[in-house]
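Engineer: Got a structure for you, questions after.
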Amino acid sequence: MRFYRLLFVSLLVMLCAFPVFLPSSSVSIAENTETVSSAIAMALVDGDTGEVVYQKNGDKRMYPASTTKICTAITVLEHWTNLDLPVAIPDEAVGVEGSSIYLQRGEMLSVRDLLYGLMLQSGNDCATALAIIVGDSVEGFVKLMNETAERAGATGTHFANPHGLHNPDHYTTAKDLCAISYYAMQNRVFRDIVSTKRHRTPYHNHEYDRNFPNKNKILFNYEGGNGIKTGFTKAAGRCLVSSATRDGKSYICTVLNCGNMFEECMRLMDKAFAQS
């Protein structure tokens, strides 16, 4: 009996000396990124690593509107080398609905200028022109876009066009848009384009230049703002992918279906910078 009493006491001592590991009821690391936001879906990632810092409904399927053009631009840059070679504007790119730089039939413009028209003025006609020039057809280019998205790590995205006009089969997620943007921002030319506040280029058959002011207020109103793209359709609501760098630290923020998209991106990036 004395032996069993000693054994029992020894076991009690061991249990007190070492912690007992029980199944955890705490949230996972991924869930710890959840934050409050006025956006229906949002994600903010570290611009240096691509790691998710904050998210809300980050995997929810959403319509991207013209933030689609982030993937359009990086796809062009990865499949076209001579950006300054003038190309003829295809007929299909004239009179495309929505945002436009009003390309003219037979006009010659460089791919670089079309990229500026795409990303600064959100030209749907630029998107169509680039798709046909680079992919030989819109359908061929969209296939390249989806391959680009896959390389970037986007797993919940499917593009059906190069501009983002509504199509029920054209969708993404906030996390995926951050992943695609993080991937695109590794390209120097892409970074230069999306951080440009205004671009001028000669205007075919006109005595004055084309003038492309950037629609992205992040560049003008936020310290360190350097990109990336706005978007809007009735189905998608107001959408924005923004980026900023301060003291060598960068963040990329996506808000989808967010009425106060600029203010919300700035608030979320302020929060990230304050905690970095």
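The values are calculated or read from the model by the stated rules, or taken from the named source; none is laboratory data. Since the structure is predicted, the reported quantities are computational estimates derived from the model, not experimental observations. Note that we place each Cβ from the backbone using ideal geometry, even for glycine, and neighbour counts take in every protein chain shown. Ligands, DNA and RNA are stripped out before the accessible areas are found, and what is left, the full protein with its side chains, is counted by its heavy atoms. Shrake-Rupley method; radii C 1.70, N 1.55, O 1.52, S 1.80 Å.
Engineer: Could you list, in sequence order, all residues of the stretch 99-121 that are surrounded by fewer than 17 Cβ atoms within 10 Å (Cβ to Cβ) and of a type outside the set (S, T, N, Q)?
Structural biologist: Tyr102, Arg105, Gly106, Met108
Engineer: Still on this structure, please answer the following. List the pairs whose first member sits in the stretch 85-112 and is within 17 Å of Lys69 (Cα to Cα), whose second member is of a type in the set (Phe, Trp, Tyr) and surrounded by fewer than 19 Cβ atoms within 10 Å (Cβ to Cβ), and whose Cβ atoms are under 8 Å apart, counting only residues at least 6 apart or on separate chains?
Structural biologist: Val111/Trp80
Engineer: Report yes if Thr155 is in contact (Cβ under 8 Å) with a residue 40 or more places away in the chain and among the hydroxyl-bearing types (Ser, Thr, Tyr), otherwise no.
Structural biologist: When the stated conditions are applied, Thr155 does not pass them.
Engineer: Out of curiosity, is Ala127 aliphatic (A, V, I, L, M) and closer than 20 Å to Arg61 by Cα?
Structural biologist: For Ala127, the condition - aliphatic (A, V, I, L, M) and closer than 20 Å to Arg61 by Cα - is not met.
Engineer: Let me ask something else. For the stretch 184-276, which fully contained strands (runs of 3 or more DSSP E) count at least 3 residues that are closer than 21 Å to Gly123 by Cβ and open to solvent by 40 Å² or more (accessible area, probe 1.4 Å)?
Structural biologist: Of the strands (runs of 3 or more DSSP E) lying wholly inside the stretch 184-276, those with at least 3 residues that are closer than 21 Å to Gly123 by Cβ and open to solvent by 40 Å² or more (accessible area, probe 1.4 Å) span 198-202, 209-213.
Engineer: Is there a residue in the stretch 132-147 that is under 17 Å from Ala73 (Cβ atoms), open to solvent by 60 Å² or more (accessible area, probe 1.4 Å) and either out of contact with any helix residue (DSSP H, G or I) (no Cβ under 9 Å at 6 or more places or on another chain) or not hydrophobic (A, V, I, L, M, F, W, C) (or both)?
Structural biologist: Taking every residue of the stretch 132-147 in turn, at least one turns out to be under 17 Å from Ala73 (Cβ atoms), open to solvent by 60 Å² or more (accessible area, probe 1.4 Å) and either out of contact with any helix residue (DSSP H, G or I) (no Cβ under 9 Å at 6 or more places or on another chain) or not hydrophobic (A, V, I, L, M, F, W, C) (or both).
Engineer: Could you check, for the stretch 4-15, whether at least one of its residues is part of a strand (DSSP E or B) and either at pLDDT below 95 or farther than 25 Å from Gly231 by Cβ (or both)?
Structural biologist: Among the residues of the stretch 4-15, not one is part of a strand (DSSP E or B) and either at pLDDT below 95 or farther than 25 Å from Gly231 by Cβ (or both), which makes the answer no.
Engineer: I'm trying to understand the selection: among the residues of the stretch 106-139, which are in contact with a Gly (Cβ under 6 Å, 6 or more places away or on another chain) and either assigned to a helix (DSSP H, G or I) or of a type in the set (A, V, I, L, M, F, W, C) (or both)?
Structural biologist: Passing the criteria: Gly117, Asn124, Cys126.
Engineer: Looking for something at pLDDT below 95 and surrounded by 15 or more Cβ atoms within 10 Å (Cβ to Cβ) - is there at least one such residue anywhere in the stretch 165-182?
Structural biologist: Taking every residue of the stretch 165-182 in turn, none turns out to be at pLDDT below 95 and surrounded by 15 or more Cβ atoms within 10 Å (Cβ to Cβ).
Engineer: So Asp84 ticks every box in (1) in a loop (DSSP other than H, G, I, E, B); (2) open to solvent by less than 60 Å² (accessible area, probe 1.4 Å) but one. Which box is left unticked?
Structural biologist: (2)
Engineer: For the condition open to solvent by 50 Å² or more (accessible area, probe 1.4 Å) and modelled with pLDDT of 95 or more, what is the one hit in Ser38, Ser26?
Structural biologist: None of the other options fit; the residue is Ser38.
Engineer: Still on this structure, I have one more. Name the single residue, out of those in the stretch 87-98 being part of a loop (DSSP other than H, G, I, E, B) and β-branched (Val, Ile, Thr), that is least open to solvent (accessible area, probe 1.4 Å).
Structural biologist: Ile89
Engineer: State whether one or more residues within the stretch 70-78 are surrounded by fewer than 11 Cβ atoms within 10 Å (Cβ to Cβ), of a type in the set (Asp, Glu) and modelled with pLDDT of 95 or more.
Structural biologist: No, there is no match, as no residue in the stretch 70-78 is surrounded by fewer than 11 Cβ atoms within 10 Å (Cβ to Cβ), of a type in the set (Asp, Glu) and modelled with pLDDT of 95 or more.
Engineer: Just to verify a result, which residue in the stretch 148-164, among those that are in a helix (DSSP H, G or I) and more than 23 Å from Gly123 (Cβ to Cβ), is most open to solvent (accessible area, probe 1.4 Å)?
Structural biologist: My answer is Glu150.
Engineer: Here is a follow-up. Within the stretch 115-126, is there a residue that is more than 19 Å from Asp192 (Cβ to Cβ), in contact with a helix residue (DSSP H, G or I) (Cβ under 9 Å, 6 or more places away or on another chain) and not aliphatic (A, V, I, L, M)?
Structural biologist: The answer is yes, given that some residue of the stretch 115-126 is more than 19 Å from Asp192 (Cβ to Cβ), in contact with a helix residue (DSSP H, G or I) (Cβ under 9 Å, 6 or more places away or on another chain) and not aliphatic (A, V, I, L, M).
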